[in-house]
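Report on the structure given below.
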Amino acid sequence: MRAVVCVVLIFAFACTRAASTGGAGQSGGTADAGSPPSADAGAVSDDGGTNDAGTPSDDAGVTDAGFAPDAGPGDAGPPATIGAVDCPHAPPLLWSRTIADSFDFRIAADQNGNLYWIEYDSVPRWFLVSADSDGRDRYRVALPGTEAARAFVVSSGKALLSQGTTIEGYDAATGAPAWTLDMKAAYPGSSAVSGYVDLGNGDVAMSLNSGLYFIDIGSGKVIWSQAGPKDGYSTLTSNGAGSIVVSADAVGSAADYFVLDSTGAQKWRQRIDGATGTAPWLSDVPWLPMASAGGISPSNRYVAVPSSWFGWVGGTDLAFSVFSGSAALAPITVQAIRHQVVVAAGPVPKEISFNPLAAWPFLAGNDGSHLLLVGQSWHGSPGLCFPEAPSEPWVARIDDSFITQCALAVPRGILALFAAALIPGRLIVGAVDMINYGCGGPANPMVIAAYAVPGESLAPSGWVQKEGNPGLGSRRQTP
């Protein structure tokens with residue numbers, strides 16, 4: 001048995017082990033009111049939580065073509081169980097605002113907690129909008145073009161976006177235009193931006209069908225370019241220190257993958273069959289989801305992971321993945337990973353693979369010690385206008401021992417989440433009210449809402465998803 005001391009915060013449990021004589025992650029404990037539940041009181045068992053989709057216990061001896069054998073949990077013993085703990089207090093709603101026009105389905109946040117999004121009306125006219133962490137307006141700037149805003153990055157004191165082949169930079173503090181770059185004029189044959197990523201060193205990479213470009217965020221000048229293949233480049237992911245992984249020349253399930261450093265020099269290039277995009281850059285090399293990967297398979301160029309992983313974040317030591325099971329009623333599972341080894345796993349309460357799950361994961365805490373996961377599943381609806389409908393949204397705090405899931409009280413109607421960001425002490429979500437959706441109903445009210453999550457903040461280093469923050473960089477943060 002092991003004693004576990006849990007301090008109840010307004011939102012989450014902070015738990016420390018006092019002593020341990022059994023396997024890590026076991027749910028045993030006393031019957032004290034402050035302790036996690038025992039196996040008899042709702043703790044999650046090992047059955048079915050981690051074996052549905054090629055998870056660690058299935059990895060032993062598996063080798064993916066061209067990779068080293070899995071260096072995974074099969075070699076380090078079975079993963080511990082992440083047990084469920086009841087929600088002590090649902091995060092209270094701090095404020096919400098309804099968007100009069102339509103919303104671009106993206107929210108960005110900077111290091112100061114300011115929020116950024118894009119709105120448009122029926123003309124259409126497009127606007128860059130910013131508010132502070134309390135929801136108070138900072139500015140609303142009309143964009144010059146009538147084309148949809150595509151690329152959207154907040155970094156290095158600038159908000160970058162693209163309209164067609166024009167890339168625009170705005171001062172993030174005031175919204176004042178800083179520079180404009182006409183890619184079609186500078187590089188004939190350019191079409192709209194198809195991919196982009198913040199390199200984390202003051203530059204942003206942009207992919208058009210004419211090529212790949214590194215652009216200085218401060219000045220808007222192209223500092224490096226490379227002509228593109230016929231179908232352009234895709235799968236842009238950065239290590240946050242200037243390097244980028246890119247794919248191109250896809251034919252069937254095979255494509256060329258290569259890594260460029262901050263000068264554009266190629267570090268390696270390899271034709272890979274079965275890769276399905278890029279995962280976090282959690283270590284010295286990028287992680288790639290592979291259709292054939294049964295577990296974590298490191299090589300000297302990249303780490304292959306299962307393609308069933310759909311949400312993940314990670315820091316220097318600890319990472320988390322979220323994935324669906326192979327059977328319709330299998331639980332959706334979360335894994336804790338240390339040094340490329342799955343050390344703990346458990347089902348997300350109330351979520352099954354039959355229902356698609358929209359998920360926004362954030363590595364949280366000053367030491368990147370836990371995951372803050374925002375989720376909302378979708379289920380079949382018998383209504384003519386609602387073939388699918390969203391369930392109640394929630395946020396969960398997850399470490400390698402416990403998961404605490406709390407419902408998010410919505411400010412109005414039936415809200416479907418489409419964006420999330422984590423700023424110090426506050427969780428921001430963007431949502432659409434589903435009441436008027438379908439059957440020719442009027443435009444849906446768009447809502448931005450803030451919830452209190454005291455003590456929570458984005459980890460200062462580690463991978464973050466494309467949505468949310470920092471900016472919309474799809475990159476690794478560095479301290």
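The values are calculated or read from the model by the stated rules, or taken from the named source; none is laboratory data. This is a predicted model, so every value here is computed, not measured. Here the Cβ positions follow ideal geometry from the backbone for every residue, glycine too, while neighbour counts run over all protein chains shown.
Quick notes on this structure:
- Verdict on Ser247 being within 19 Å of Thr278 (Cα to Cα), within 24 Å of the chain's Cα centre (by Cα) and in contact (Cβ under 8 Å) with a residue 40 or more places away in the chain: no
- Filtered by the rule that a residue be in contact with a Ser or Thr (Cβ under 6 Å, 6 or more places away or on another chain) and not in a loop (DSSP other than H, G, I, E, B), the stretch 212-222 gives a lone residue, Tyr213.
- Check on Pro393, out of contact with any Asp or Glu (no Cβ under 9 Å at 6 or more places or on another chain) and surrounded by 19 or more Cβ atoms within 10 Å (Cβ to Cβ): yes
- Taking the conditions (1) without any contact (Cβ under 8 Å) to a residue 40 or more places away in the chain; (2) of a type in the set (Gly, Ala, Ser); (3) more than 23 Å from Ala419 (Cα to Cα); (4) not in a strand (DSSP E or B) in turn, Ala173 satisfies each one other than (3).
- Condition met for Val348 (among the hydrophobic types (A, V, I, L, M, F, W, C), crowded, with 20+ Cβ neighbours inside 10 Å, more than 30 Å from Asp256 (Cβ to Cβ) and free of Cβ contacts under 8 Å to residues at least 60 places away in the same chain): yes
- Condition check for Ala109 on (1) under 26 Å from Leu422 (Cβ atoms); (2) of a type in the set (Gly, Ala, Ser); (3) surrounded by fewer than 17 Cβ atoms within 10 Å (Cβ to Cβ); (4) modelled with pLDDT under 95: one failure, at (3).
- Identity of the residue in the stretch 193-216, surrounded by fewer than 21 Cβ atoms within 10 Å (Cβ to Cβ) and in contact with a strand residue (DSSP E or B) (Cβ under 6 Å, 6 or more places away or on another chain), that ends up nearest to Gly315 (Cα to Cα): Gly195
- Residue in the stretch 122-132 that is in contact with a Lys or Arg (Cβ under 7 Å, 6 or more places away or on another chain), in a loop (DSSP other than H, G, I, E, B) and surrounded by fewer than 17 Cβ atoms within 10 Å (Cβ to Cβ) present: yes
- Filter pass, Val342 being more than 23 Å from Gly425 (Cα to Cα), in contact (Cβ under 8 Å) with a residue 60 or more places away in the chain and under 17 Å from the mean Cα position of the chain (by Cα): no
- Selection status of Ala172, touching a Ser or Thr at 6+ places or on another chain (Cβ under 8 Å), modelled with pLDDT of 95 or more and more than 28 Å from Lys230 (Cβ to Cβ): yes
- Single residue of the stretch 324-342 satisfying the filter (in a strand (DSSP E or B) and in contact with a Gly (Cβ under 8 Å, 6 or more places away or on another chain)) that is farthest from Cys406 (Cα to Cα): Val341
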